[in-house]
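S.K.: One structure, pasted below without further comment.
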Amino acid sequence: MPDVRGWRKKFGVLAPSTNTVVEPDFYMMGVPGVTAHVSRILMTNTNRSLDRPEDADERARLLDAEMKPTIERVLTAEPDYMVMAMSAPTFRGGVEGNRQWKERMQGYSGGLGLANGAEACQKALDLLKVKRIAVLTPYWAATSSHVIRFFTEAGFEVVSHKDLECTSPVAIAQVTEERAREALVEINSDRVEAIVQCGTDLNMVNLADEAERWLGKPVLAINAVIWWMALRENGIEDKLYGFGSLLRDF
C-alpha cells in the first residue's frame, strides 16, 4: 500500500548534521506525491582555516564511519530511494572513488538507488553536451582537489575554479548572495561552457537560476542537480521553475 503523502516515492535523505540549506532546498523543490525524509550524519563544526590534506583525510574517515548508522535510521521509514545530500564524499577519490563509495552505501541500504552529487553532475553535463567547465566550491584545496580530479577523470576540462575557503561547515551557510555572485562572475569566461557549484550547504539554487540568464550558460547548483537525478531516476518528469534550466527543461 502506498504512503498517503509519498504516494509516488519516498526518498531517504542523508544530510550532514551541520547543514541548514539542503533540507529546505529539497522541500522548496518538492513535487506532489514525493516526500523527503532526512537522516542526519553526525559532523562536528570544526575550524577549517588552512585546511591540510591530512585533516581532510581524517574527517573523511570519521564521516564514513557515520554513514551506516545514518542509513540504518532512515531505512526504518521504508524509503524507496536514497539521496546523498552532502557532495564532498561523493567526489573523493575521483571517478573510481565515487563508484566504490556508491557501491558501499548501496550495500548498507540493501541495494536502493542513490542520487549523489558527483554522479549527478556528470550525468547533467553529459546531457548538456558541455566539456569545459568552471567550478565553485566552499571548500579549501584539500577537499576541492578531489572535485577537480573527479571532473578531469570524467572527461571534462576544468577551465577555472574558486574555493571560498569557508572556515567551518556552519560558515558555508553564511556565505552571502553577493559573495557567491561575485565568485560566479570571477570564474566565468568565454571558454567556460557551464559552471558547477559544489557544497550542499551553499545557498545557490535560486541564484544559479538567475545567473543562467545574465551569464547565458548553464549554472548547475549542486542541490538542484542532485534533486533532478533523484526525480528522473524514479521516472518523475515534473518540470520545476525557478531552480535552473536542468529541472525546467530536462
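None of the figures in this text is laboratory data; all of them are computed from the coordinates on show. If you're wondering where the values come from, they're calculated on a predicted model, not measured in any experiment. A quick note on method: Cβ atoms are made from the backbone with ideal geometry, for glycine too, and the neighbour counts reach across all protein chains shown.
S.K.: Relative contact order (percent) for the chain, with alpha-carbon contacts under 8 angstrom and 6 or more residues of separation?
M.R.: Over the chain, the number comes to 22 percent.
S.K.: Working out 0.36 nm times the residue gap between Gln174 and Leu215, then minus their Cα-Cα distance, what length gain in nm do you get to one decimal?
M.R.: Full-extension gain reported as 12.4 nm.
S.K.: Can you tell me the order of 30-36, 218-224 when each peptide is scored by its average per-residue count of other Cβ atoms within 10 angstrom, highest first?
M.R.: My ranking of the peptides, most packed first, is 218-224, 30-36.
S.K.: If only Cα atoms are counted, what is the Rg of the chain, and what is its Dmax, in Å?
M.R.: Final numbers for Rg and Dmax: 16.9, 53 Å.
S.K.: While we're on this one: May I ask what percent, to the nearest 5, of DSSP beta bridges between residues of the chain are antiparallel?
M.R.: 0 percent
S.K.: Measuring from label point to label point, each 7 Å out along Cα→Cβ, what is the Glu96 to Ala77 span in nm?
M.R.: With each label placed 7 Å out from Cα toward Cβ, I get 3.6 nm.
S.K.: How far, in nm, would the chain grow between Glu58 and His37 when pulled straight, counting 0.36 nm per residue and subtracting the alpha carbon separation?
M.R.: Separation in residues times 0.36 nm, less the Cα-Cα distance, equals 4.7 nm.
S.K.: Calculated from DSSP H runs of 4 or more alone, at -39500 (n - 2.57) each and per residue, what is the 222 nm mean residue ellipticity of the chain, nearest 500?
M.R.: My calculation for the chain gives -14000 deg cm²/dmol from helical runs alone.
S.K.: Enumerate the aspartates and glutamates that Lys68 could reach by cross-link, defined here as Cα to Cα under 14 Å, with residues fewer than 8 away along the same chain left out.
M.R.: Result set, ordered by chain and number: Glu103.
S.K.: Tell me the label-point distance for the pair Glu157, Arg191, using the 7 Å Cα-to-Cβ offset, in nm and rounded to one decimal.
M.R.: In this crude spin-label approximation the distance works out to 0.7 nm.
S.K.: Work through the residues other than Met29 whose Cβ is under 12 Å from its Cβ and net out their charges, Lys, Arg +1 and Asp, Glu -1.
M.R.: Taking every other residue near Met29 into account, the sum is -2.
S.K.: Work out the length of the dipole vector of the chain about its Cα centre, built from +1 on the beta-carbon of each Lys and Arg and -1 on the beta-carbon of each Asp and Glu, and round it to the nearest 20 debye.
M.R.: Dipole magnitude for the chain comes out near 380 debye.
S.K.: Taking N as the number of residues in the range 48-120, what value does Rg over Cα atoms divided by 2.2 N^0.38 Å take?
M.R.: 1.15
S.K.: Work through the residues other than Val158 whose Cβ is under 10 Å from its Cβ and net out their charges, Lys, Arg +1 and Asp, Glu -1.
M.R.: +1
S.K.: May I ask you to compute the full-extension gain from Tyr27 to Glu182, defined as 0.36 nm times their residue separation minus their alpha-carbon distance, rounded to one decimal in nm?
M.R.: 53.1 nm
S.K.: Still on this structure, please answer the following. Would you grab the residues whose amide H sits under 5 Å from the one on Ile195? Only those 5+ places off in sequence or on another chain, please, with H modelled 1.01 Å from N.
M.R.: Ala134, Val219, Leu220
S.K.: Excluding same-chain residues fewer than 8 positions from Lys239, which lysines have a Cα within less than 26 Å of its Cα?
M.R.: Lys9, Lys10, Lys123, Lys129, Lys131, Lys217
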